[in-house]
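Contents: one structure, followed by commentary.
Where a number appears in this text, it was derived from the coordinates with a stated rule and is not lab data. Quick caveat: nothing in here was measured; it's all calculated off a predicted structure. Quick reminder, even Gly has a Cβ in these numbers, built from the backbone with ideal geometry, and neighbours come from all protein chains shown.
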Amino acid sequence: MTRTITGLVARARDLAAGGQRAVLGIAGPPAAGKTTLATELVTALAAAPPPGLGPDWVAHVPMDGFHLADAELHRLKLRDRKGAPETFDSAGYAALLRRLVDDQDEMIYAPGFERVLEQPIAGTIGVPRAARLIVTEGNYLLLWEPVRKLLAEVWYTDLERGERLRRLIDRHVRFGKSPDAAVAWATGTDERNAEVIAATRDRADLVVPSDLIRTLGS
């Protein structure tokens, strides 16, 4: 069943059975389909909420809002490593997840990430108390132990390297890089990060296969 989107939706729904709040993580290298899968899950789950709940019973909170701003990366001399583990506020992300799991606040605001600007934007994602299932996705959910222990499950999106690089280069071009710069970044900085992420694959509760990721589109 977990080789179909229907099976994944059912598994995700079961994480919040009984009404407790749960956070599902989706990890994987750049352009491996994390955001696409998260969006598919949230759309399907919002359309068919459990009895007594509305579409806001599920929320999507990506990790990307915890990128350090370029000004801070320049100060740290890490601008050319953007996207590496040390270029995120991992402690801030873990603190947000702790608030979500603790389930004490009527509304929790999370930062988002503007791809055109390539900058985090504070307070762009609101998570109401009604949200029982939170879907979060990002590169390093299986690397950072303070993050991993707050997640009910972590799924790993496994897309073959050639297709992943094609999608990644296309994305970089779409958001402003020249074709040559897109290739250089995707096969350089991004690929080094992908190797770090791939080393955490065996820690996942579920590996979402490449053939299913491909059906979800780029």
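Listed values for segment 80-96 are Karplus-derived 3J(HN,Hα) couplings in whole Hz (6.51 cos²θ - 1.76 cosθ + 1.60, θ = phi - 60°), namely 7, 10, 3, x, 6, x, 6, 9, 10, 8, 5, 5, x, 5, 4, 5, 4, and x replaces Gly and Pro. Projecting the Cα positions of Thr4, Leu100, Ala84 onto the charge dipole of the chain (unit charges on Cβ atoms of Lys, Arg, Asp and Glu, taken about the Cα centre) puts Thr4 furthest along the positive direction. Full extension of the chain between Arg214 and Glu114 gives 33.5 nm of extra length, using 0.36 nm per residue less the Cα-Cα distance. Each label point was placed 7 Å from the Cα along the Cα-to-Cβ direction; for Asp70 and Gln20 their separation is 4.4 nm. As a proxy for reagent exposure, ranking Tyr109, Tyr140 by other Cβ atoms within 10 Å from fewest up yields Tyr109, Tyr140.
Need the full-extension length gain, Leu78 to Arg192, defined as separation in residues times 0.36 nm minus the C-alpha distance. One decimal, nm.
39.6 nm
Packing order of peptides 197-203, 176-182, highest average first: 197-203, 176-182 (average count of other Cβ atoms within 10 Å over each peptide's residues). Place a point 7 Å from the Cα of Asp205 along the Cα-to-Cβ direction; which residues of segment 23-40 have their backbone N under 20 Å from it? From segment 23-40, the list is 23-29, 33-40. For segment 111-193, a crude dipole built from +1 on the beta carbon of Lys and Arg and -1 on the beta carbon of Asp and Glu, taken about the Cα centre, is about 220 debye to the nearest 20. Amide H contacts under 5 Å for Val208: Tyr156, Thr157, Asp158, restricted to partners 5 or more places along the chain or on a different chain, H placed in the peptide plane at 1.01 Å from N. Gyration tensor analysis over the Cα atoms of segment 1-76 returns equivalent ellipsoid semi-axes of 29, 16, 10 Å (largest first, whole Å). Spacing of the modelled spin labels on Val173 and Thr39, each 7 Å from Cα toward Cβ, amounts to 1.9 nm.
Please give the charge dipole size of segment 5-210, origin at the Cα centre, charges +1 on K and R Cβ atoms and -1 on D and E Cβ atoms. Round to the nearest 20 debye.
That gives segment 5-210 a dipole magnitude of about 120 debye.
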